[in-house]
Amino acid sequence: MIQFDDVSKRYEGGHTALNHLSFQIERNEMVFLTGHSGAGKSTLLKLIMMMERPTSGQVFVDGKNLNRLPARKIPEHRRGVGVVFQNHQLLFDRSVFDNVALPLIIAGFQPRDVGRRVRAALDKVGLLDKEKKNPITLSGGEQQRVGIARAVVNKPALLLADEPTGNLDPELSAEIMHLFEQFNQVGVTILIASHDLSLIARLPHRLISLKAGQLLRPEVA
Amino acid sequence: MSATPTRRQPKRSLAPVREPGAGASISPVQLKDRWRGYWANQKVVARQTLLRLVAQPASSMMTVLVIGIALALPVVMLVSLSNIEQLGRGWDGAARISLFLKRDVSDDNARGLADRLEQRKDIAAVQFTSASEALDEFRQLSGYGEVLDSLESNPLPGVLVVTPAGGDVDADTSRTLFDELSMLPDVDQAKLDLEWVQRLHAMMDIGKRISLSLGFLLSLGVLLVIGNTIKLAIEARRDEIVVVKLVGGTDAFVRRPFLYTGFWYGLGGGITAWLILQFSMLLLAGPVSMLSGLYESEYSLTGLGFGNTLMLWLTSGFLGWMGAWLVVRRQLKSIEPR
Ligand SMILES: Nc1ncnc2c1ncn2[C@@H]1O[C@H](COP(=O)(O)OP(=O)(O)O)[C@@H](O)[C@H]1O
Ligand SMILES: [Mg+2]
């Protein structure tokens, strides 16, 4: 599903965030991406989202070479990838429903389908009764789940999450991770960046560990 | 230094769910659905942007008023000019040629001459006023009745008033006709009252050019005003733009609400300009009907008319859209998810 082929990313200013990185994630896998702060986890996810381009090397997503994808194809690519952010990137000028509906409206779904799918997604994250609320009135854990509902509402084959439990207490974090596992069970490939090792260690999923933009052996992590 | 992790989960056979927007192969049915969704979105955005403007009337009214006043100026000028032009057309007879006849020409001869002149193609009408008729008229108008009665002979000549053919006053043909008529043996003196008509036309021409260039400049101003307003709107919605781009919104999708907003501002300005025009015409209606009464003509002001009103609104709407487009194109490039 995801393949990095000798990928390096150097930011303007000379900082090398990823250094000759190669790895592969199979379809339907659930993988944790770990490493200390500044190791390059977010950069890796940004390359998959095409928020950044690699300085060298190639990134494949679902068999597509992202280097060959022209800028005008980026929106279509992003529509096939769900993302969850640490700061959830919710819009506080509209209801929970409208936040979750955004990807569907962008993809051109008809209003009746939008309603059906948004409610299905909210149901999955257990927030069906909050659809009319403004997300600013929700707790941190609930906001994060709204973000997850928005990421999955378009039923992407690939779901990325960048520190999705960063601001949450351990109990809520475990809940969120369980949610991701449920999506993985229905066939969604999942890649979660997190430095919360105590949480990750308890879960039976593959680890990819970064240090200074390079892979650590999984055993070391 | 690269290592490929070895611990892998067994593959599941469950295929990932493909949905419209997520894949390369899209069936015609889905395409049709998406096309419908696209138009539904256009309508929704049109309504949402309009409601948003109406929801904050204070700030939007300011912009709409500025645009309206800027557009009203050239529009009012052009409408005034076309009214004056229409008045002038009613006075084309003012290019009439007055032929003062020699004293020894009898009224019968004068009538004969009038008939003959009337046959000519370049003459529309000839009106004869005999010397005594002229005296009567003068007596009535001037109030010098007694003085005139004391005169032994009528000092006034008979007059033929010749109206050249052809609706518009053409200086050259009138001039040739004038030269020819003044050579007639029965004519003592000819007078061509043309110059002020020419001057009027020249002034109208200048006026039109001024209003058009004013309109052009003010349209540029409108573009700038709308551009600036949209720029602020974009800044205010930066978060939304980032999120929309993150979840796969195309540039067109991101642009759309701002283009509609620009369009609404422009249209609002156009309607305001039209209202200003109607209002000024209402103010002028009284004085004009008095003036036309003095000139014994039935003249009333003409407005823009249906076609031109529609044109004004479409143009202003387009200007708004255009102003937004110019800014949006540049501005949205600088807002990317990081
Ligand atoms: N936009 C950027 N410009 C310059 N340097 C950056 C930028 N984003 C990240 N970096 C640098 O790249 C390195 C990796 O960052 P990041 O991928 O965010 O790591 P992580 O998510 O693992 O904390 C860090 O040293 C960071 O300072
Ligand atoms: Mg990070």
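Among the candidates A:THR16, A:THR55, A:THR43, A:THR34, single out the residue that is within 13 Å of ligand 2 (Cβ to nearest atom), more than 10 Å from chain B (Cβ to nearest Cβ) and within 18 Å of B:ARG338 (Cα to Cα).
A:THR43
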(message) I'm told A:ASN67 meets every condition in (1) assigned to a helix (DSSP H, G or I); (2) at the interface with another protein chain (Cβ under 8 Å from one of its Cβ atoms); (3) among the polar types (S, T, N, Q) except one. Can you identify the failing condition by its number?
(response) (2)
(message) On the basis of being touching a Lys or Arg at 6+ places or on another chain (Cβ under 9 Å) and within 11 Å of chain B (Cβ to nearest Cβ), does A:ALA101 make the cut?
(response) yes
(request) Find the strands (runs of 3 or more DSSP E) located wholly in the range B:91-173 whose residues include 1 or more that are modelled with pLDDT under 80, and list them. (result) B:159-164
(request) Among what's in the range A:161-183 and is outside any loop (DSSP other than H, G, I, E, B) and farther than 20 Å from A:LEU127 by Cβ, pick the residue that is nearest to the other protein chains (Cβ to nearest Cβ). (result) A:ASP162
(request) Sort through A:VAL7, A:VAL83 and tell me the only one that's facing chain B (nearest Cβ under 10 Å), within 16 Å of ligand 2 (Cβ to nearest atom) and either assigned to a strand (DSSP E or B) or modelled with pLDDT of 90 or more (or both). (result) A:VAL83
(message) Let me spell it out: the conditions are (1) in a helix (DSSP H, G or I); (2) out of contact with any Asp or Glu (no Cβ under 9 Å at 6 or more places or on another chain), and A:GLY187 meets all of them except one. Which number is the exception?
(response) (1)
(request) Give the residues of the range A:12-22 that are within 15 Å of ligand 1 (Cβ to nearest atom) and either on the phi < 0 side of the Ramachandran plot or of a type in the set (Phe, Trp, Tyr) (or both), sorted by residue number. (result) A:GLU12, A:HIS15, A:THR16, A:ALA17, A:LEU18, A:ASN19, A:LEU21
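Being under 36 Å from the mean Cα position of the chain (by Cα) and either modelled with pLDDT under 70 or facing another protein chain (nearest Cβ under 9 Å) (or both) is the filter; apply it to the range B:19-51 and report the residue that is surrounded by the most Cβ atoms within 10 Å (Cβ to Cβ).
Selected residue: B:ASN41.
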(message) Checking A:VAL114 against (1) within 13 Å of another protein chain (Cβ to nearest Cβ); (2) closer than 21 Å to A:LYS9 by Cα: exactly one of these is not met. Which one?
(response) (2)
(request) Among what's in the range A:39-67 and is among the small types (Gly, Ala, Ser) and under 18 Å from the mean Cα position of the chain (by Cα), pick the residue that is nearest to B:VAL243 (Cα to Cα). (result) A:SER42
(request) Can you run down the residue pairs with Cβ atoms below 6 Å, 6 or more apart or on separate chains, where the first is in the range A:66-83 and charged (D, E, K, R) and the partner is crowded, with 16+ Cβ neighbours inside 10 Å and part of a helix (DSSP H, G or I)? (result) A:ARG79/A:ALA107
(message) Which residue is farthest from ligand 2 (Cβ to nearest atom), if the candidates are limited to the range A:19-31 and must be in a strand (DSSP E or B) and in contact with a helix residue (DSSP H, G or I) (Cβ under 8 Å, 6 or more places away or on another chain)?
(response) A:MET30
(message) The conditions are (1) closer than 23 Å to A:LEU33 by Cα; (2) more than 16 Å from ligand 2 (Cβ to nearest atom); (3) touching a helix residue (DSSP H, G or I) at 6+ places or on another chain (Cβ under 6 Å); (4) of a type outside the set (Gly, Ala, Ser), and A:PRO156 fails exactly one of them. Which is it?
(response) (3)
(request) Tell me which residues, restricted to the range A:14-69, are among the β-branched types (Val, Ile, Thr) and crowded, with 20+ Cβ neighbours inside 10 Å. (result) A:ILE25, A:VAL31, A:THR34, A:THR43, A:ILE48, A:VAL59, A:VAL61
(request) Return only the number of the condition from (1) at pLDDT below 85; (2) more than 22 Å from A:GLU26 (Cβ to Cβ) that A:THR165 does not satisfy. (result) (1)
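The values are calculated or read from the model by the stated rules, or taken from the named source; none is laboratory data. This is a predicted model, so every value here is computed, not measured. Note: ideal-geometry Cβ built from the backbone for every residue, glycine included; neighbour counts use all protein chains shown.
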